[in-house]
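The block underneath contains the structure these notes are about, expressed in structure tokens.
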Amino acid sequence: MLNVLKKSCSTIGNLRHCMIAVSHYSTNKSTPTDFGFKEVPWDEKQTLVGQVFSSVASSYDIMNDLMSGGLHRLWKDRLVETLRPFPGMKHLDVAGGTGDVAFRVLRALRQVELSAKSRPSMQSSTSSSTQLVPGSVVVCDINPSMLEEGKKKAEKEHDLKSDPGLSFEESNAENLQQFSDASFDSYTIAFGIRNVSDRAAALREAHRVLKPGGRFLCLEFSQVKQRGLKELYDMYSFNVIPRIGGIVANDSASYQYLVESIRTFPDQETFAQMMEEAGFKAVTFENHLSGIVAIHSGFKL
């Protein structure tokens, strides 16, 4: 696939876009990787991204509301709806930071478990044999400042604070070393994988920690295909979002990076191909708002 992309660069008008596509398949860490529109060494990107999220952690949730007009809530709800939590499910939410997705998953999980317990068939089986073991959700993030914000949010919510099935782990998506092979039923990553230096490694790790039959779901900003909307979206992104970041978070530079990082992330088809190369099967994606965001799905079969 990499050789095909390189060969096609000579015939594609937008050379820069083509070379971005090539970089997504390259795992040669002696070559630079993207940090927004800049190219930086691989190890430097992790440090720079860490600085971005440490800077914006305290205002991250409110900025999501302001930037998306609250639409990120609907996209995350759709992610959890697509996941379809089931009783006893063990779930890993990577780049989960402030817990926005993980808390949704846990609440949906507890709801289906409660419904299962109330069914007559379940009542008879649990009373005569083993009881249902409640599922669990792990919030995983490389950035301790983001995790701290998530813990603070959980402390303010009675159902989350008292739930022993919720835990927080600091870890790199590229190397989830504290998690054993085949240890989770499901894995989500929302608005996080574009900030990972080695996305191919992160996808391989996601595949490794999932059980056979486990599902991977990624919610991420993607590429808008519709003419007119794309130009309007670009104008809003580059002219408005950094200014909002400067006012609310006192950090326009971090939001300039976030806007740029969306444009250097692979398009829907390319990311689907990357998932397949990591071992995922039955890979599909679902566009929202003409591709402003996409939900990618794959299974470990």
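The values are calculated or read from the model by the stated rules, or taken from the named source; none is laboratory data. Everything numeric in this text was worked out from a predicted model, so none of it was measured. Note that each Cβ is placed from the backbone with ideal geometry, even for glycine, and that neighbours are counted across all protein chains shown. Protein only, heavy atoms only, side chains kept; ligands, DNA and RNA dropped before computing areas. Shrake-Rupley method; radii C 1.70, N 1.55, O 1.52, S 1.80 Å.
Pairs spanning more than 21 Å between alpha-carbon atoms, out of Lys153/Lys211; Lys90/Lys211; Lys76/Lys153: Lys153/Lys211. In the chain, the DSSP beta bridges split such that about 45 percent are antiparallel, to the nearest 5. The relative contact order of the chain, computed from alpha carbon pairs under 8 Å that lie at least 6 residues apart in sequence, is 20 percent. Once the Cα atoms are used to define both axes, helix 268-277 deviates from the longest principal axis of the chain by about 60 degrees.
For n ≥ 4 DSSP H runs only, could you compute -39500 (n - 2.57) per run for the chain, divide by its residues and tell me the 222 nm figure to the nearest 500? Helices in the chain give a 222 nm mean residue ellipticity of -15000 deg cm²/dmol. Database remark: amide H of Lys90 closer than 5 angstrom to the amide H of Ser136, Asp185, Ser186 (H placed geometrically; neighbours at sequence offset of 5 or more, or on other chains; Pro and chain starts carry no H). Dividing the mean sequence gap of close Cα pairs (under 8 Å, 6+ apart) by how many residues segment 152-246 holds gives a relative contact order of 26 percent. Compared with the dominant principal axis of the Cα atoms in the chain, helix 100-118 is inclined by about 30°. Each label was represented as a point 7 Å from its Cα along the Cα-to-Cβ direction; for Gln273 and Phe86 these points are 3.3 nm apart.
Measure off, as a whole percent, the carbon and sulfur share of the 1.4 Å-probe accessible area of the chain, all protein chains present. For the chain, the apolar C and S fraction of the accessible surface comes to 55 percent. Where Lys and Arg each count +1 and Asp and Glu each count -1, what net charge lies around Ile292 among other residues with Cβ under 15 Å from its Cβ? It works out to a net charge of +3.
For the chain, the dipole from Cβ point charges (+1 on Lys and Arg, -1 on Asp and Glu) about the Cα centre works out to 680 debye, to the nearest 20. Between Ile62 and Leu232, the distance separating the two model label sites (each 7 Å from Cα on the Cα→Cβ line) works out to 2.9 nm. Taking Cα atoms only, the orientation of helix 15-25 departs from the longest principal axis of the chain by about 40 degrees.
The gain in end-to-end length when the Ile247 to Gln177 segment is fully stretched comes to 21.3 nm, 0.36 nm per residue minus the alpha carbon separation.
Peptides 274-283, 234-243, ordered by how many other C-beta atoms sit within 10 Å of their residues on average, highest first, read 274-283, 234-243. Computed over protein heavy atoms with a 1.4 Å probe, the accessible surface of the chain works out to 48 Å² per residue.
Rg of the Cα atoms in the chain, relative to 2.2 N^0.38 Å, amounts to 1.03.
The distance from the alpha carbon centre of segment 58-96 to that of segment 246-262 is 21 Å, rounded to a whole number.
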